[in-house]
Structures are given as structure tokens and as C-alpha cells.
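Structure first, commentary second.
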Amino acid sequence: MSIKKILSISGKPGLFELKVQTRTGFVAESLLDGKKITVGLRANVSLLSEIAVYTYSEEVRLAEVFKAIATKENEGLALSHKESDDQLKAYFREILPEYDEDRVYISDIKKVLNWYNLLQPKGFVSMEALTAEKVSEPSKDEVSE
């Protein structure tokens, strides 16, 4: 499984898997409850495969961050996004030592860890799946908003 078809939809909780594209938008299935929804073309949607995290020298693809978490946790769950801000920052520093603290906010760290913990039990962030991810150029659609 791959994160190439996993979406974050603004205003909707959780993550979604792209199922079918239509003339007026697309159909997506919630990874939380399995319900299918239709989403119009005007919705603010981000593909996880296009999101990157700022570091001091470059932008690191979210798939690479997930791979670092999977390596650290031996493909288990990450630290909960509900931990204290200091614990979250220290944990994120362990997995991505060069992340830019001025441009990556605590809300971004919580989002990344929450997404990882949602995707991990479903097999989307196994080492095998993440190694197969095709690396492409980062877009303007960053984790930091």
C-alpha cells in the first residue's frame, strides 16, 4: 500500500483514500470509519505524497519522515499527538534532527504524528510501502501553512 492516494481534506477529520475521480470532483473513503464521501473540485485537498516538512537545508517529503518514524519505532506506533509540546518537539527532533523549528509548528508535528498513527495499523507506512514511494520534487503544498 502507498500514501500516493491518501488525502487530507480541510474541514474534515482524519484522512481519506481516493477511490474514484468524477467530472465534478472525486469520491474518497474515510480511513477512520470507512464511509465514502463526495468532494467537489473547490475543496481544499492535500495529497500526503505532495507534502514536505521544512528543514534548515531542504524540504523533506512526508514519506521520508514516516519512514524515519517507522525505523525508530520498528514499524510500531509513534508517540501520541496528545503528549506535551516539549515531548513532541523532542521526539520530532529524534526522527528529523534538522527540522526548522521556526517554520514547523507544534500543530504540524501533531498532525504528522496523528497521520502516522492513523496510517500505520492499515499498512500504509510499513518500511516496504515507504521504500516503494517514488521520490518527486516537493510542491508548494507544505505541512506548514
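Structure above, values below:
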| read-out | value |
| --- | --- |
| Long-range neighbours under 6 Å by Cβ, at least six apart or interchain, first residue among the polar types (S, T, N, Q) within segment 1-27, second assigned to a strand (DSSP E or B) | 8/46 |
| Subset of segment 19-45 (residues that are part of a strand (DSSP E or B) and not hydrophobic (A, V, I, L, M, F, W, C)) | 19, 21, 22, 25, 29, 30, 36, 38, 40 |
| Of the criteria (1) within 17 Å of residue 118 (Cα to Cα); (2) assigned by TED's automatic domain parsing to the domain that holds residue 117; (3) of a type in the set (Ser, Thr, Tyr), which one residue 8 fails | (2) |
| Count of residues meeting criterion [without any contact (Cβ under 8 Å) to a residue 60 or more places away in the chain and not hydroxyl-bearing (Ser, Thr, Tyr)] in segment 32-63 | 14 |
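The rows are residues; the columns are (1) surrounded by 15 or more Cβ atoms within 10 Å (Cβ to Cβ); (2) of a type in the set (Asp, Glu).
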{"site": "12", "(1), (2)": "yes, no"}
{"site": "20", "(1), (2)": "no, no"}
{"site": "31", "(1), (2)": "yes, no"}
{"site": "42", "(1), (2)": "no, no"}
{"site": "49", "(1), (2)": "yes, no"}
{"site": "61", "(1), (2)": "yes, no"}
{"site": "65", "(1), (2)": "yes, no"}
{"site": "85", "(1), (2)": "no, yes"}
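The rows are residues; the columns are (1) in contact with a strand residue (DSSP E or B) (Cβ under 7 Å, 6 or more places away or on another chain); (2) in a loop (DSSP other than H, G, I, E, B).
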position: 8; (1), (2): yes, no
position: 14; (1), (2): yes, yes
position: 17; (1), (2): yes, no
position: 57; (1), (2): no, yes
position: 66; (1), (2): no, no
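The values are calculated or read from the model by the stated rules, or taken from the named source; none is laboratory data. Quick caveat: nothing in here was measured; it's all calculated off a predicted structure. Counting neighbours? That spans all protein chains shown, and the Cβs are built from the backbone with ideal geometry, glycine included.
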